[in-house]
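Take a look at the structure below.
The values are calculated or read from the model by the stated rules, or taken from the named source; none is laboratory data. Note that the structure is predicted; figures quoted are calculated from it, not measured. Note that we place each Cβ from the backbone using ideal geometry, even for glycine, and neighbour counts take in every protein chain shown. Please note that ligands, DNA and RNA were not included when accessible areas were found on the heavy atoms of the full protein model with its side chains. Shrake-Rupley method; radii C 1.70, N 1.55, O 1.52, S 1.80 Å.
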Amino acid sequence: DAEITQSPRHKITETGRQVTLACHQTWNHNNMFWYRQDLGHGLRLIHYSYGVQDTNKGEVSDGYSVSRSNTEDLPLTLESAASSQTSVYFCASSGQANEQFFGPGTRLTVL
Amino acid sequence: AQSVSQHNHHVILSEAASLELGCNYSYGGTVNLFWYVQYPGQHLQLLLKYFSGDPLVKGIKGFEAEFIKSKFSFNLRKPSVQWSDTAEYFCAVKDTDKLIFGTGTRLQVFP
């Protein structure tokens, strides 16, 4: 069955370190998205991609970057982790029907 | 850009009570609307969606939603909730190929 996987599922890091969160989908979807989920804010879009070599900034993109070198993967990089980036991160993908399928999430703690 | 408002932040019900969660989006025209559910510790799953046609949409697990264009609303309903419906519920509207999410409603159902 097609799916989206995220790794790691839990990560603790220190302020200032670079962190990369992996997202891999086997749906063969062109569209991929990264969200962060925080209490009181719901899901906020960080970055998204409509295909290979395409990346776009979302609502809360500062301090994050993505790259899309193939259809299956959209890694999210925190260039210099900050405590404000402690959150749960969800990756999602969608095809032409626009229904988004979500990964299991990564809980990131920045100390 | 589109935005979504969910006015009920926290709803507490007893089993067998009826449920209605409000969702309003910001402007009209052609809209694609979604309700997602997130059970404790899990990722988001699609409950139902509206693209066009019958404004009363039926989803999984006995949920339904009604699209009322004149009110810019897409409220979620269930006639009789169960303890297993305890979760967070997110309304979302499509904006180009992205989804804009509301801040979510936490539902607690007590036996």
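Quick rundown of the values:
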quantity	calculated
Scan of the stretch A:7-28 for residues that are farther than 17 Å from A:Tyr64 by Cβ, hydrophobic (A, V, I, L, M, F, W, C) and touching a Phe, Trp or Tyr at 6+ places or on another chain (Cβ under 8 Å), ordered by number	A:Trp27
B:Ala16, sole failed condition from (1) in contact with a strand residue (DSSP E or B) (Cβ under 8 Å, 6 or more places away or on another chain); (2) part of a loop (DSSP other than H, G, I, E, B); (3) in contact (Cβ under 8 Å) with a residue 40 or more places away in the chain	(1)
Some residue of the stretch A:76-93 being more than 20 Å from A:Pro8 (Cβ to Cβ), touching a Leu at 6+ places or on another chain (Cβ under 6 Å) and of a type outside the set (Val, Ile, Thr)	no
Enumeration of residues in the stretch B:26-45 that are at pLDDT 85 or above, open to solvent by 10 Å² or more (accessible area, probe 1.4 Å), more than 8 Å from chain A (Cβ to nearest Cβ) and part of a loop (DSSP other than H, G, I, E, B)	B:Ser26, B:Tyr39, B:Pro40, B:Gly41
Number of positions in the stretch B:89-111 that are within 14 Å of chain A (Cβ to nearest Cβ) and open to solvent by less than 10 Å² (accessible area, probe 1.4 Å)	9
Members of the stretch A:95-111 found to be closer than 29 Å to B:Val37 by Cβ and more than 11 Å from chain B (Cβ to nearest Cβ), listed by number	A:Leu108, A:Thr109, A:Val110
Residue in the stretch B:65-73 that is open to solvent by less than 20 Å² (accessible area, probe 1.4 Å) and under 13 Å from the mean Cα position of the chain (by Cα) present	yes
Count of the stretch B:74-84 residues which are assigned to a strand (DSSP E or B) and surrounded by fewer than 17 Cβ atoms within 10 Å (Cβ to Cβ)	1
Flag if B:Leu56 is within 14 Å of chain A (Cβ to nearest Cβ) and either touching a strand residue (DSSP E or B) at 6+ places or on another chain (Cβ under 6 Å) or more than 20 Å from A:Phe101 (Cβ to Cβ) (or both)	no
All strands (runs of 3 or more DSSP E) inside the stretch A:1-94 with 2 or more residues being within 10 Å of chain B (Cβ to nearest Cβ) and either surrounded by 17 or more Cβ atoms within 10 Å (Cβ to Cβ) or in contact (Cβ under 8 Å) with a residue 24 or more places away in the chain (or both)	A:4-7, A:31-38, A:42-51, A:87-94
Filtered residues of the stretch B:66-111 (kept if without any contact (Cβ under 8 Å) to a residue 40 or more places away in the chain and within 19 Å of B:Ala16 (Cα to Cα))	B:Ser84
The stretch B:33-53, subset touching a strand residue (DSSP E or B) at 6+ places or on another chain (Cβ under 9 Å) and among the hydroxyl-bearing types (Ser, Thr, Tyr), residue farthest from B:Gln82 (Cα to Cα)	B:Tyr50
Qualifying residue in the stretch B:79-88 (condition: within 11 Å of chain A (Cβ to nearest Cβ) and within 23 Å of A:His41 (Cβ to Cβ))	yes
